[in-house]
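**Q** Please read through the structure below; I'll follow up with questions.
The values are calculated or read from the model by the stated rules, or taken from the named source; none is laboratory data. Being a predicted model, the structure only gives us computed values, none of them experimental. Please note: Cβ atoms are built from the backbone with ideal geometry, for glycine as well, and neighbour counts cover all protein chains shown. Just so you know, the surface numbers come from the protein's heavy atoms only, side chains and all, with ligands and any DNA or RNA stripped out. Shrake-Rupley method; radii C 1.70, N 1.55, O 1.52, S 1.80 Å.
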Amino acid sequence: ELAGLSLQCNPPFDAWTLHQVACTVEDLLQRASSSQAPVSIVCTVPAWPGWPLDRLAQSPFCRHCIVLAKEDHAYITGSQHHASVKAKHRRVMFECASWLLFLQNDAAAALWPASEVQVEKLRAGWMPDQCAKSRQTKGGK
């Protein structure tokens with residue numbers, strides 16, 4: 001039996017993994033709806049046309065979907081433990097546009113609504129200048 005969950009999902013951008021993630025997310029939300037357990041998943045996936053990603057964006061569980069243009073979002077590399085101290089928090093621009101998909105069953109949407117304010121806060125966090133500000137706030141150089 002499922003308990004309430006609020007998850008973030010940013011799988012590797014390869015077709016097989018994305019297919020598996022789409023199937024798993026869809027199944028999890030279906031099962032959660034049957035049990036009335038609140039389940040919310042924010043997925044960051046490439047904005048590639050075609051199944052399975054279009055299927056998630058068109059799902060009845062998709063409460064909100066925004067596109068982040070290639071030049072409008074960046075992340076702090078996950079391999080910072082291999083980098084020099086100076087390059088430790090290097091920002092990396094995405095190679096393609098990405099979707100932020102807010103997938104929720106009804107119970108989660110009632111508890112944690114994907115409001116415009118919340119969506120915009122998340123969008124702002126992906127902006128290249130926000131990565132730099134986050135680094136400075138946490139004491140990085």
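**Q** Residue by residue through the range 48-59, note down the ones that are within 23 Å of residue 109 (Cβ to Cβ) and not in a helix (DSSP H, G or I).
**A** Step one: filter the range 48-59 for residues within 23 Å of residue 109 (Cβ to Cβ), giving 52-59.
Passing the criteria: 52, 58, 59.
**Q** Check off (1) in a loop (DSSP other than H, G, I, E, B); (2) under 16 Å from the mean Cα position of the chain (by Cα) for residue 18 and give me the number that stays unchecked.
**A** (1)
**Q** How many of the residues in the range 12-43 are closer than 22 Å to residue 110 by Cα and either modelled with pLDDT of 90 or more or in contact with a Leu (Cβ under 6 Å, 6 or more places away or on another chain) (or both)?
**A** Number of matching residues: 16.
**Q** Another one. With a cut-off of at least 2 residues that are modelled with pLDDT under 55 and open to solvent by 40 Å² or more (accessible area, probe 1.4 Å), name the helices (runs of 4 or more DSSP H) lying wholly within the range 73-141.
**A** So the answer is 128-137.
**Q** Separate question: Restricting attention to the range 60-72, report how many residues are crowded, with 18+ Cβ neighbours inside 10 Å and either in contact with an Asp or Glu (Cβ under 8 Å, 6 or more places away or on another chain) or at pLDDT below 90 (or both).
**A** Of the residues in that region, 2 qualify.
**Q** Output the residues belonging to the range 1-11 that are within 20 Å of residue 109 (Cβ to Cβ), open to solvent by 60 Å² or more (accessible area, probe 1.4 Å) and either in contact with a strand residue (DSSP E or B) (Cβ under 6 Å, 6 or more places away or on another chain) or acidic (Asp, Glu) (or both).
**A** First, the residues of the range 1-11 that are within 20 Å of residue 109 (Cβ to Cβ): 2-9.
With the extra rule that they be open to solvent by 60 Å² or more (accessible area, probe 1.4 Å), the set shrinks to 3, 6-8.
Answer for the range 1-11, where residues must be within 20 Å of residue 109 (Cβ to Cβ), open to solvent by 60 Å² or more (accessible area, probe 1.4 Å) and either in contact with a strand residue (DSSP E or B) (Cβ under 6 Å, 6 or more places away or on another chain) or acidic (Asp, Glu) (or both): 6, 7, 8.
A quick yes/no check of all residues on (1) touching an Asp or Glu at 6+ places or on another chain (Cβ under 9 Å); (2) free of Cβ contacts under 8 Å to residues at least 24 places away in the same chain; (3) crowded, with 20+ Cβ neighbours inside 10 Å; (4) within 21 Å of residue 75 (Cα to Cα):
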{"site": "17", "(1), (2), (3), (4)": "no, yes, no, yes"}
{"site": "22", "(1), (2), (3), (4)": "no, no, yes, no"}
{"site": "26", "(1), (2), (3), (4)": "no, no, no, no"}
{"site": "33", "(1), (2), (3), (4)": "yes, no, no, no"}
{"site": "37", "(1), (2), (3), (4)": "yes, no, no, no"}
{"site": "40", "(1), (2), (3), (4)": "no, no, yes, no"}
{"site": "43", "(1), (2), (3), (4)": "no, no, yes, yes"}
{"site": "52", "(1), (2), (3), (4)": "yes, no, no, no"}
